[in-house]
Amino acid sequence: MTTAPARIRLTQYAHGGGCACKIPPGELEAVVAGLSAQGPVDPAAELVVGLDDGDDAAVVRIPGGQGLVLTTDFFTPVVDDAYTFGRIAAANALSDVYAMGGTPVVAVNLLGWPRDVLPAELAAEVLRGGLEVAQQAGCHVGGGHSIDDPEPKYGMAVTGIVDVDRIITNSGAVAGTPLTLTKPLGVGVLNSRMKATGEMSEEAVASMVALNRDAGRAAVTAGIRAGTDVTGFGLLGHLYKMARASGVTAVVDAAAVPYLAGAREALADGFVSGGTRRNLDWVHPHTDMSAVSEDEALLLADAQTSGGLLLGGEIPGSPVIGEFVPRGDFVVVIR
């Protein structure tokens, strides 16, 4: 009699999961402080967008009014299934190009794998998932790099193209414009629950594997010039960076923010990542949270993986969750 092999849960081989594993935003800003001024003496191309405002990707100008968009993103497993993990990681990496108003053209894989612990067949499934999503995006996958790593990690380095005159950046928000969010929040608490209990949210997975391609295109068509994607720093963290860089205040209507089914229940059950709590601590001095409870604030700071776009303007089919106003006493206000 043979015994069926035990199901391997990828999340149990990592200390955290997805974008919740990001270095805390305050620490990261301290690490990269001053690097933006250290450009080459004789640059081969003009750097249009760099480190200055913490944008999603770098952009260099190329002939013909076009820009090259360059970004990279990788993380530890956020779900247990290898193929699904690959799909989520690829969608997340491609999102940075869409958030800048660009189109991804080619990607290379980044893979860390504990080869003596997890079978190579699972690594192949991760890569298969990533390839499928890249192909859905019309983006080539041209190889990559792998290392033997104590924890499984996967992502992509992505190159895209963008119209330099229509780039979407953190610093482009203007007072008097609405604030739009293109995917519901709650991925972080639902993934924390899944890691602890094995209970997967199909709605969360569907959100994470969905490309931000259509939202990015709609934003460019609408003439939007301010935006970012919502990932590990949560809605509040990414919104704080955008409003700070633009010199405005962002006002969030908490009742208008959409959430995935089960997110509030997962929060009530205590499935909150350390990354989410660090996000809230970081924005707290700059945010008026007097109108909401701590639980509501935690959901707004929930560390997302492959979240939606946060835009200074309106696009069809996505909810308006607030507005940008002239800079006041706080950089972000929750009402």
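The values are calculated or read from the model by the stated rules, or taken from the named source; none is laboratory data. Since the structure is predicted, the reported quantities are computational estimates derived from the model, not experimental observations. All Cβ positions, even for glycine, are placed from backbone atoms using ideal geometry, and neighbour counts span all protein chains on display. Note: accessible area is taken over every heavy atom of the protein model, side chains too, but ligands, DNA and RNA are not part of it. Shrake-Rupley method; radii C 1.70, N 1.55, O 1.52, S 1.80 Å.
Structure above, values below:
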quantity	calculated
Most positive-pole-ward Cα, Leu299, Gly317, Val79, against dipole of the chain from beta carbon charges	Gly317
Fraction of alpha-carbon pairs over 34 Å apart in the chain - percent	20 percent
Per residue, in Å², the accessible surface of the chain once ligands and nucleic acids are set aside, probe 1.4 Å	43 Å²
Solvent-accessible surface ranking, highest first, for Arg278, Arg213 at 1.4 angstrom	Arg278, Arg213
Lys, Arg +1 and Asp, Glu -1 on Cβ, resulting dipole of region 178-335 about Cα centre, debye, nearest 20	560 debye
MRE, 222 nm, helices only [DSSP H, n ≥ 4, -39500 (n - 2.57), over the chain, to nearest 500]	-9500 deg cm²/dmol
Cα-centre dipole for region 199-265 with unit charges at Cβ (Lys and Arg positive, Asp and Glu negative), debye to 20	500 debye
Charge dipole of the chain about the Cα centre (unit charges at C-beta), most positive-ward option of Thr197, Gly237, Pro40	Pro40
Percentage, to the nearest whole number, of Cα pairs in region 188-335 over 24 Å apart	30 percent
The chain, dipole about Cα centre (Lys/Arg Cβ +1, Asp/Glu Cβ -1), debye to the nearest 20	260 debye
Compactness of region 153-273 as Cα Rg over 2.2 N^0.38 Å, two decimals	1.19
Paired Rg and Dmax values of region 211-259, which use every Cα atom, in angstrom	12.0, 30
Three-way shape label, region 264-335, alpha-carbon gyration tensor, a/c 1.5	oblate
Efficiency of FRET from Cβ geometry, Arg128 and Arg61, R₀ 35 Å, rounded to 0.05	0.45
Distance (nanometres) between label positions extended 7 Å along Cα→Cβ at Val106 and Leu47	2.3 nm
Top of Ala123, Ala45, Ala210 by mean-square fluctuation, Gaussian network on the chain, Cα under 10 Å	Ala45
Ranked packing of 248-256, 166-174, most packed first, by mean Cβ within 10 Å	166-174, 248-256
